[in-house]
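The values are calculated or read from the model by the stated rules, or taken from the named source; none is laboratory data. What you see is a predicted model; the values in this text were computed from it and never measured. Cβ sites come from the backbone with ideal geometry, for glycine too, and all protein chains shown count toward neighbours. These accessible areas exclude ligands, DNA and RNA; they are computed on the full protein's heavy atoms, side chains included. Shrake-Rupley method; radii C 1.70, N 1.55, O 1.52, S 1.80 Å.
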Amino acid sequence: MITFLFVMHGLCAIALLGAITHQAAAVWLPVRAPDPSFTARFRAVKAASYVNAIIVLFLITFTLGAIVYPTYRIGARIYMEDLRMSAPVGSFEVKEHLITFALGLLPTYWYFWRAPLTPELEGARKGVVLVLAIFIWAAFLTGHVLNNIRGV
Amino acid sequence: MRLARAFPAFSAAFATAYLISMYFHPTFTLFTYAPRLHQWFAGVPQLPGRQGPGMFWYSWLATGLLVGLLAGAAALATPAAIRARVWPGLAWLVPVVLTAILLYIERTWFGFK
């Protein structure tokens, strides 16, 4: 069961990563003129339409992570500690804190992106999306590398 | 939605209280989860080696949530004129500053003194 939940945690994280990257690209690198290239199409999405999907995916991924966390704590982490792999253990510590910061940021993220979008909040919207994207990318890469070292 | 005006204050207070709770562990740790025992304990119990380690992350989350809710309620009680003066960019600046502090706190894992 834990393996299933862990796989689902990873799959939801991938979907979340795609959604937040699309949104961050659309907000920070908007397409000004019609361009049929792949990168332009990647950036040409309607950023606001991703908000609810990102929040739901984040909450599912976070909840699944919180459920499988004890298995990591008494399994993979102790294995790494026994091998004195302090950087990977520390990386997970940083990951759990960053993703907690991101969790706390979600209500504000939703508040800034609710319709109608106000121009005076545009800078804050861009900042919050970028911070969320960086936190989610950092958490994903850390989790991926740690799973390669010792899977749950 | 009037309640939503409390969200920026909630977010800032949640993350700040979480980090303080983590850094000053066990001072603000409300409860502990023992994964080997599948049991929750109030405070920070002394777990014998075979029963440990304890997990405190869930407690730090709860502390952040409580403080965040209080800050949100305080924000709702604050006059709109004062709320309007708060720079909305604090929403992203606060987690950025907290991340810098976090990386400093956690530096020893990566060989920095």
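Cβ-Cβ contacts under 6 Å between residues 6 or more apart (or on different chains), taken from a first residue in region B:77-88 that is under 14 Å from B:Pro8 (Cα atoms) to a second residue that is open to solvent by less than 80 Å² (accessible area, probe 1.4 Å) and in a helix (DSSP H, G or I), are listed as B:Pro88/A:Leu121; B:Pro88/A:Ala124. Taken together, the residues in region A:10-42 that are crowded, with 19+ Cβ neighbours inside 10 Å and without any contact (Cβ under 8 Å) to a residue 60 or more places away in the chain amount to 5. The residue list A:Arg77, A:Arg84, A:Arg150 contains one member that is over 15 Å from the mean Cα position of the chain (by Cα) and closer than 27 Å to B:Ile20 by Cβ, which is A:Arg77. Residue count for region A:107-123, restricted to those that are open to solvent by 40 Å² or more (accessible area, probe 1.4 Å) and either within 8 Å of chain B (Cβ to nearest Cβ) or assigned to a helix (DSSP H, G or I) (or both): 6. In this entry, A:Gly104 passes the filter for residues that are facing chain B (nearest Cβ under 8 Å), out of contact with any Lys or Arg (no Cβ under 9 Å at 6 or more places or on another chain), in a helix (DSSP H, G or I) and open to solvent by less than 30 Å² (accessible area, probe 1.4 Å). When residues in region A:87-101 are screened for being hydrophobic (A, V, I, L, M, F, W, C), open to solvent by less than 10 Å² (accessible area, probe 1.4 Å) and closer than 25 Å to B:Pro8 by Cβ, 1 of them pass. Entry remark, region B:33-49: residues being at pLDDT 95 or above and within 12 Å of another protein chain (Cβ to nearest Cβ) number 8 in total. Here is a check on your reading of the model: is A:Met80 in contact (Cβ under 8 Å) with a residue 60 or more places away in the chain, touching a Pro at 6+ places or on another chain (Cβ under 6 Å) and closer than 29 Å to A:Met1 by Cα? Taking the combined requirement at face value, the residue satisfies it. Only a single item in (1) within 13 Å of chain B (Cβ to nearest Cβ); (2) open to solvent by 40 Å² or more (accessible area, probe 1.4 Å) is not met by A:Lys46, and it is number (1). For region B:62-93, filtering for residues that are facing chain A (nearest Cβ under 9 Å) and under 21 Å from A:Glu120 (Cα atoms) leaves 7. Of the residues making up region A:76-101, just one is part of a helix (DSSP H, G or I), of a type in the set (Lys, Arg) and more than 9 Å from chain B (Cβ to nearest Cβ), namely A:Lys95.
Take the conditions (1) farther than 29 Å from B:Phe112 by Cβ; (2) facing another protein chain (nearest Cβ under 9 Å); (3) surrounded by fewer than 17 Cβ atoms within 10 Å (Cβ to Cβ); A:Lys126 misses just one of them, which is (3).
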